[in-house]
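Notes follow once the structure below has been shown.
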Number of protein chains: 2
Amino acid sequence: MKREYPKQPIVAVGGVVIQGSRVLLVRRGREPHKGEWSIPGGMLELGESLVEGVRREIREETGVHVEPLEILGVFDRIQKKGPRVQYHYVIVDYACRRTGGRLNSGSDVLDARWVKREELPDYCVAQKAALVIARAFKFAEKSPKVPSAPKDAEQAL
Amino acid sequence: MKREYPKQPIVAVGGVVIQGSRVLLVRRGREPHKGEWSIPGGMLELGESLVEGVRREIREETGVHVEPLEILGVFDRIQKKGPRVQYHYVIVDYACRRTGGRLNSGSDVLDARWVKREELPDYCVAQKAALVIARAFKFAEKSPKVPSAPKDAEQAL
């Protein structure tokens with residue numbers, strides 16, 4: 001599937017995984033915004049539901065197993081080059097609970113880390129991602145299940 | 001763009017327009033679910049934002065001009081035929097406020113009507129659409145702006 005100069009908008013999913021005072025971030029290995037720190041996620045595949053896509057992408061990129069809990073936001077990312085549409089994503093971001101797995105930067109990313117909330121400014125995440133991360137911390141504070149996810153479980157989904 | 005047996009998930013948008021005790025419905029002119037009553041909407045175009053897509057689709061299908069206010073839900077609609085994916089939509093539904101236009105069933109639909117809430121059961125809308133309509137009525141009750149939209153204005157967006 002063509003990511004650059006696509007024929008139609010592409011559906012992407014992202015997952016914000018909060019554990020205590022940390023959030024799971026990846027350093028993007030692909031354009032657009034290659035090299036920048038962001039929320040893990042990627043393109044939804046044909047026949048795959050949104051939550052299946054979130055589980056798969058986070059597992060592939062970070063080794064962490066998650067359960068998507070709630071939608072935090074839906075965003076357009078449209079980038080033009082002259083009159084042509086170079087990138088067009090519709091991104092659905094979920095708050096996720098870690099269910100298992102072990103951190104291990106995987107496909108399509110340069111690095112993956114659990115980042116402390118107070119260190120987030122050093123990672124220069126994009127404005128929309130920062131907004132979604134803030135929503136996820138708020139959601140986690142309200143949902144006792146999120147911070148109490150098993151810390152070192154190796155449970156498969 | 002191929003709607004049936006697509007190569008990737010297709011983004012669709014829908015808009016629930018509430019006016020007083022009525023909701024704007026269309027009778028679908030296309031598969032899937034041709035002939036059934038549903039929320040107006042359709043495929044997002046390349047380079048078009050979600051809210052632009054909602055405005056355009058509702059105008060084309062019903063003649064009514066709207067302003068999207070808030071996302072009511074995001075849904076997968078995946079339909080398989082044997083092992084192949086016949087339809088795969090990711091649908092983003094918005095609560096909308098009518099800003100103008102006049103009811104006039106348009107392209108891709110067989111009919112368009114303002115349907116009273118108590119008459120909804122006669123229209124047999126799908127379960128997910130009924131859920132979203134119920135959310136929109138709840139949203140409209142909380143938002144004084146929605147029921148007070150101009151009734152007969154011909155204002156263009």
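If I fit a long axis through the Cα atoms of helix A:127-142 and take the longest principal axis of the Cα atoms of chain A, what angle between them do I get, 0 to 90°, rounded to 10? Long axis of A:127-142 versus the principal axis of chain A: about 30 degrees. Helical content of the protein assembly as shown, expressed as a calculated mean residue ellipticity at 222 nm, amounts to -6000 deg cm²/dmol (DSSP H runs of 4 or more residues, -39,500 (n - 2.57) each, divided by residue number, nearest 500).
Taking the label point as lying 7 angstrom from Cα along the Cα-to-Cβ axis, what are the distances from B:PRO83 to the corresponding position in the remaining copies, in ascending order and in nanometres? Those separations, rounded to one decimal, come out as 4.4 nm.
Report the net charge of residues surrounding B:GLY41, where surrounding means a beta-carbon distance below 9 angstrom and charges are Lys +1, Arg +1, Asp -1, Glu -1. Don't skip to the end; give the middle numbers.
Working: positive: none; negative: B:GLU57, B:GLU61, B:ASP93.
My count for the surroundings of B:GLY41 gives -3.
Between B:ARG135 and A:GLU141, the modelled labels are 2.4 nm apart [label points 7 Å from Cα along Cα→Cβ].
For A:7-14, what's the mean count of beta carbons from other chains sitting within 10 Å of each residue's beta carbon? Provide the component values of the computation, followed by the final result.
Details: counts 5, 12, 14, 4, 10, 0, 1, 0.
The per-residue average across the peptide is 6.
Take A:PRO32, push a point 7 Å out from Cα through the beta-carbon direction, and compare it with the same point in every other copy: 3.0 nm, smallest first. The angle between the Cα long axis of helix A:50-62 and the longest principal axis of the Cα atoms of chain A comes to about 80 degrees, rounded to the nearest 10.
Please get the size of the charge dipole for chain B, origin at its Cα centre, with Cβ charges of +1 on Lys and Arg and -1 on Asp and Glu, quoted in debye to the nearest 20.
Values: 27 positive and 21 negative charges, 69 e Å.
Using Cβ point charges on Lys, Arg, Asp and Glu, chain B gives about 320 debye.
For the pair B:ASP111 and A:TYR5, label points projected 7 Å from Cα toward Cβ lie 4.7 nm apart.
Expressed as a whole percent, how much of the Cα-Cα distance distribution for the stretch A:10-146 exceeds 27 Å? Looking at the stretch A:10-146, the distances longer than 27 Å represent 13 percent of pairs.
Apply 1/(1 + (r/R0)^6) to the Cβ-Cβ distance of A:GLU31 and B:SER21, taking R0 = 51 Å, and write down the FRET efficiency to the nearest 0.05.
Numbers: r = 50 Å, r/R0 = 0.98.
Computed FRET efficiency for A:GLU31 and B:SER21: 0.55.
With respect to the cross-link table entries A:LYS81/B:LYS7; A:LYS142/B:LYS116; A:LYS81/A:LYS116; B:LYS7/B:LYS138, which display a Cα-Cα separation exceeding 27 Å?
A:LYS142/B:LYS116; A:LYS81/A:LYS116; B:LYS7/B:LYS138
Per residue, the Cα convex hull of the protein assembly as shown amounts to 152 Å³.
Bear in mind these aren't lab numbers, they're just calculated from the coordinates by the rules spelled out. Being a predicted model, the structure only gives us computed values, none of them experimental. As a convention, Cβ positions derive from the backbone with ideal geometry for all residues, glycine included, and neighbour counts pool all protein chains shown.
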